[in-house]
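First comes the structure, then the notes that go with it.
The values are calculated or read from the model by the stated rules, or taken from the named source; none is laboratory data. Not measured: the values here are computed from a predicted model. Here the Cβ positions follow ideal geometry from the backbone for every residue, glycine too, while neighbour counts run over all protein chains shown. Ligands, DNA and RNA are excluded from the accessible area calculation, which covers all protein heavy atoms including side chains. Shrake-Rupley method; radii C 1.70, N 1.55, O 1.52, S 1.80 Å.
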Amino acid sequence: MHASGRESITEYYPPRTGAIIALVFFLLMTALPGFVVFDGSQQLVMRLLGGLAMALFGFGVYAMLEDLLRPQPTLLVTDQGFTYRGFPHVAWAEVERVRLGIGRLRKGGRAEMFAEVVLRDPVEFRDRVQALGDVIMRRNPDRRLFIVAERLPVPVPMVVDVMREHHPGLSVRAVEDAPPAAPRSPDRDMVESALVSALTEALPVGWNLAVLWFSLVGDDGHAGIQLELTDPDADHTDELQPSEEILTLLNRLKEVCYDQMTGTWLSGQVVLRAASTKAEFTLSFKEIPDWLPIPEPDECRRELAKYPRAGDEIPTWLRQRIS
């Protein structure tokens with residue numbers, strides 16, 4: 001975000017990976033016909049066709065270099081409204097609300113998080129569309145405007161939060177027909193059962209209480225096992241390091257606990273008592289233990305990229321760490 005006069009502006013640029021891959025492709029396809037063009041033994045027609053191919057792919061090289069050296073923002077947000085690449089500027093007064101949801105926006109595509117911009121007058125807006133495909137859009141005035149993650153360097157909920165910062169009166173809600181929170185899955189039950197078994201096998205003889213604590217944000221993980229022994233004078237340590245099996249199961253537990261709106265856990269603990277057959281699982285989706293260092297910004301971004309969540313479910317410390 002940078003200031004322009006009194007108005008603040010936030011710009012989001014598309015990931016550069018796609019443009020770099022396309023540039024390499026066009027460079028290769030530009031160079032290959034050169035073997036024909038500069039080979040005097042080839043027929044004139046073949047050399048001309050090769051030259052035409054070099055010119056066409058060369059234009060692609062120019063376009064990709066232009067995109068890399070002078071990129072255009074995918075989304076530009078100001079206090080007056082926003083501009084989404086390929087569409088005309090939208091003033092906040094034109095927006096009725098923004099709806100966050102998860103679904104398949106393209107036939108055969110995967111489910112993804114999106115922000116749907118609900119306009120007060122979609123027909124008037126489509127009449128102003130000047131991007132490629134504007135004729136089709138005018139014939140379908142009810143076609144909705146979606147902001148999707150693949151065109152942005154950050155998760156969609158973070159973009160919506162920035163929109164609200166520019167326009168505090170913006171109404172944001174979940175899509176009415178968005179899938180409800182998933183019930184507790186059989187996979188989670190199986191992973192928790194396997195985790196308890198692996199933890200029990202790792203405990204020494206004479207244990208009375210065991211607490212497995214853990215935290216995982218992105219790839220920044222910490223875990224340990226604290227013990228209370230029946231005989232305090234026994235020749236055993238009161239803290240153990242989790243086995244590879246336990247760490248693997250914790251990673252799996254993080255996956256099966258993921259929810260599309262609330263994300264997944266950032267820390268937790270499992271308590272086992274020798275006098276009880278039931279394990280106590282406590283998972284926190286927003287906090288990490290106070291004694292652990294706050295994860296690096298890259299790890300926080302990696303966490304939200306792998307397990308995106310709704311904007312109001314991102315804890316303050318995580319949001320501040322990223323910004």
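Out of the residues in segment 271-323 that are among the β-branched types (V, I, T) and assigned to a strand (DSSP E or B), which is nearest to V98 (Cα to Cα)?
To start, the set of residues in segment 271-323 that are among the β-branched types (V, I, T) comprises 271, 277, 282, 288, 294, 314, 316, 322.
From what is left, the residues that are assigned to a strand (DSSP E or B) are 271, 282.
Values: V271: 42, T282: 34 Å.
Among those residues, the one meeting the criterion is T282.
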Condition (residue is more than 29 Å from E150 (Cβ to Cβ), in a helix (DSSP H, G or I) and not polar (S, T, N, Q)) applied to segment 13-31: is it met by at least one residue? yes
Among (1) modelled with pLDDT under 80; (2) surrounded by 14 or more Cβ atoms within 10 Å (Cβ to Cβ); (3) of a type outside the set (A, V, I, L, M, F, W, C), there is one condition G133 misses while meeting the rest; what is its number? (2)
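Yes or no, residue by residue, for (1) buried (at least 17 other Cβ atoms within 10 Å of the Cβ); (2) assigned to a strand (DSSP E or B):
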site	(1), (2)
L209	no, yes
L212	yes, yes
S215	yes, yes
L227	yes, yes
T248	no, no
L253	yes, no
W265	yes, no
Q269	yes, yes
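Does segment 265-276 contain at least one residue that is under 17 Å from the mean Cα position of the chain (by Cα) and at pLDDT 95 or above?
If we filter segment 265-276 for residues that are under 17 Å from the mean Cα position of the chain (by Cα), which is where we start, we get 265-266.
Keeping just the survivors that are at pLDDT 95 or above gives 265-266.
Yes, the conditions are met somewhere in segment 265-276.
What's the total number of residues in segment 288-319 that are closer than 26 Å to A115 by Cα, among the charged types (D, E, K, R) and either modelled with pLDDT of 90 or more or open to solvent by 80 Å² or more (accessible area, probe 1.4 Å) (or both)? Before you say what the answer is, go through the steps one by one.
First pass over segment 288-319, keeping only residues closer than 26 Å to A115 by Cα: 297-319.
Subsequent filtering for residues that are among the charged types (D, E, K, R) retains 298-299, 301-303, 306, 309, 312-313, 319.
Narrowing further to those that are either modelled with pLDDT of 90 or more or open to solvent by 80 Å² or more (accessible area, probe 1.4 Å) (or both): 298-299, 301-303, 306, 312.
So the count comes out to 7.
Return the residues of segment 202-230 that are more than 30 Å from L318 (Cα to Cα) and not β-branched (V, I, T); say none if nothing qualifies.
Residues of segment 202-230 that are more than 30 Å from L318 (Cα to Cα), as a first pass: 202-209, 227-230.
Within segment 202-230, A202, L203, P204, G206, W207, N208, L209, L227, E228, L229 qualify.
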Working carefully through the options Q72, Q43, find the one that is closer than 30 Å to R128 by Cβ and either touching a helix residue (DSSP H, G or I) at 6+ places or on another chain (Cβ under 6 Å) or loosely packed, with under 12 Cβ neighbours inside 10 Å (or both). Q72
Residue ID - farthest from the chain's Cα centre (by Cα), chosen from residues in segment 165-184 that are open to solvent by 80 Å² or more (accessible area, probe 1.4 Å) and modelled with pLDDT of 90 or more: P168
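If the requirement is being among the hydroxyl-bearing types (S, T, Y), open to solvent by less than 90 Å² (accessible area, probe 1.4 Å) and more than 16 Å from V191 (Cβ to Cβ), which of these qualifies: S284, S323, S243?
Numbers: S323 fails: open to solvent by less than 90 Å² (accessible area, probe 1.4 Å); S243 fails: more than 16 Å from V191 (Cβ to Cβ).
Just one listed residue meets the conditions, S284.
Going through L27, L65, L76, L23 one at a time, which residue ends up being without any contact (Cβ under 8 Å) to a residue 40 or more places away in the chain and at negative phi? Walk me through it before giving the result.
Numbers: L65 fails: without any contact (Cβ under 8 Å) to a residue 40 or more places away in the chain; L76 fails: without any contact (Cβ under 8 Å) to a residue 40 or more places away in the chain; L23 fails: without any contact (Cβ under 8 Å) to a residue 40 or more places away in the chain.
Answer to the check: L27.
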